[in-house]
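The values are calculated or read from the model by the stated rules, or taken from the named source; none is laboratory data. Bear in mind that the values here come from a model prediction, so they are computed numbers and not experimental data. As a convention, Cβ positions derive from the backbone with ideal geometry for all residues, glycine included, and neighbour counts pool all protein chains shown. The accessibility values were calculated without ligands, DNA or RNA, using every heavy atom of the protein model including side chains. Shrake-Rupley method; radii C 1.70, N 1.55, O 1.52, S 1.80 Å.
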Amino acid sequence: MLVVFIGPPGAGKGTQAKRLREHLAVPHISTGELMRNVESSQTDLGNQVGAFLRRGELVPDDLAIEIVEQRIGQSDCENGCLFDGFPRTVAQAIQFDDCLTNKEKSLNLALALSVTRPELMSRLSARGRRDDNPETIANRLDVYDSHTLPLLAYYEQRGILANVDGTGSEDEVFERIKQVIDRDLTETS
Ligand code: ADP
């Protein structure tokens, strides 16, 4: 099963994707983590990527796609995987669909987690990752609204979008996600 998690920074994509990984027994791919690994490699590419991360900007689409293509080519992704933080633009989604079509695969589900902005601000301020300072947070939320939100319409049109309320405890949110997943598995089996 191939699933993408969509949601603003702080919505809980990473936390929920890790839980869903256990439930579905497929790998979890966080592009933010992949980018932070590239950054810490201390190569020219790492320095370039680091500059985007520190500003809270997206790394260019071509680079994001290249990193993802490399990752899903690995054998552990043969039976599917969960993406968290990818795609983040409609251009990435279109290229991703092409890439999957070439591999005779297709995306099963886009899970959109929604949380209000004040709640996101307080969650992110409490988290304290290097790019979780107030200016970078505000920029990442704006970038989400301008670049990533249009993805919801894209996946809605394809009939694979599921909206999930991301407020409440981790357990409550996971229960909502499991309901969507199990319904989807029943429909497609
Ligand atoms: P968050 O969702 O909290 O912003 P992530 O770990 O998903 O955290 O992403 C951190 C940063 O990594 C983003 O601000 C962006 O710079 C970069 N990034 C992650 N995924 C992508 C992607 N698909 N396209 C472009 N940039 C990305």
Within segment 60-94, tally of residues that are more than 13 Å from LEU2 (Cβ to Cβ), open to solvent by 70 Å² or more (accessible area, probe 1.4 Å) and more than 14 Å from the chain's Cα centre (by Cα): 8
Qualifying positions in segment 35-63 - assigned to a helix (DSSP H, G or I) and farther than 23 Å from ASN133 by Cβ: ASP44, LEU45, ASP61, ASP62, LEU63
Tally, over segment 32-54, of residues that are open to solvent by 80 Å² or more (accessible area, probe 1.4 Å) and under 30 Å from MET1 (Cα atoms): 2
Residue check, SER114 more than 20 Å from VAL68 (Cα to Cα), among the hydroxyl-bearing types (Ser, Thr, Tyr), in contact with a Gly (Cβ under 9 Å, 6 or more places away or on another chain) and free of Cβ contacts under 8 Å to residues at least 40 places away in the same chain: no
Checking GLU57 against (1) within 11 Å of the ligand (Cβ to nearest atom); (2) surrounded by 20 or more Cβ atoms within 10 Å (Cβ to Cβ), the condition it does not meet: (2)
Residue count, segment 73-93 (criterion: in contact with a helix residue (DSSP H, G or I) (Cβ under 8 Å, 6 or more places away or on another chain) and of a type outside the set (Phe, Trp, Tyr)): 13
Filter pass, VAL143 being surrounded by 18 or more Cβ atoms within 10 Å (Cβ to Cβ) and closer than 22 Å to ARG36 by Cα: yes
From SER125, SER146, SER114, residue being of a type in the set (S, T, N, Q) and at pLDDT below 95: SER125
Subset tally (residues that are open to solvent by less than 20 Å² (accessible area, probe 1.4 Å) and either assigned to a strand (DSSP E or B) or touching a helix residue (DSSP H, G or I) at 6+ places or on another chain (Cβ under 8 Å) (or both)) for segment 15-31: 6
Some residue of segment 84-95 being among the acidic types (Asp, Glu) and farther than 20 Å from ALA17 by Cα: no
Residue list for segment 146-184, restricted to those being surrounded by fewer than 17 Cβ atoms within 10 Å (Cβ to Cβ), of a type in the set (Lys, Arg) and without any contact (Cβ under 8 Å) to a residue 60 or more places away in the chain: ARG158, ARG183
Where ILE29 falls short, out of the listed (1) of a type outside the set (Ser, Thr, Tyr); (2) free of Cβ contacts under 8 Å to residues at least 60 places away in the same chain; (3) farther than 17 Å from ASP84 by Cα; (4) more than 8 Å from the ligand (Cβ to nearest atom): (3)
Boolean, PHE96 is hydrophobic (A, V, I, L, M, F, W, C), touching a residue at least 12 places away in the same chain (Cβ under 8 Å) and outside any loop (DSSP other than H, G, I, E, B): yes
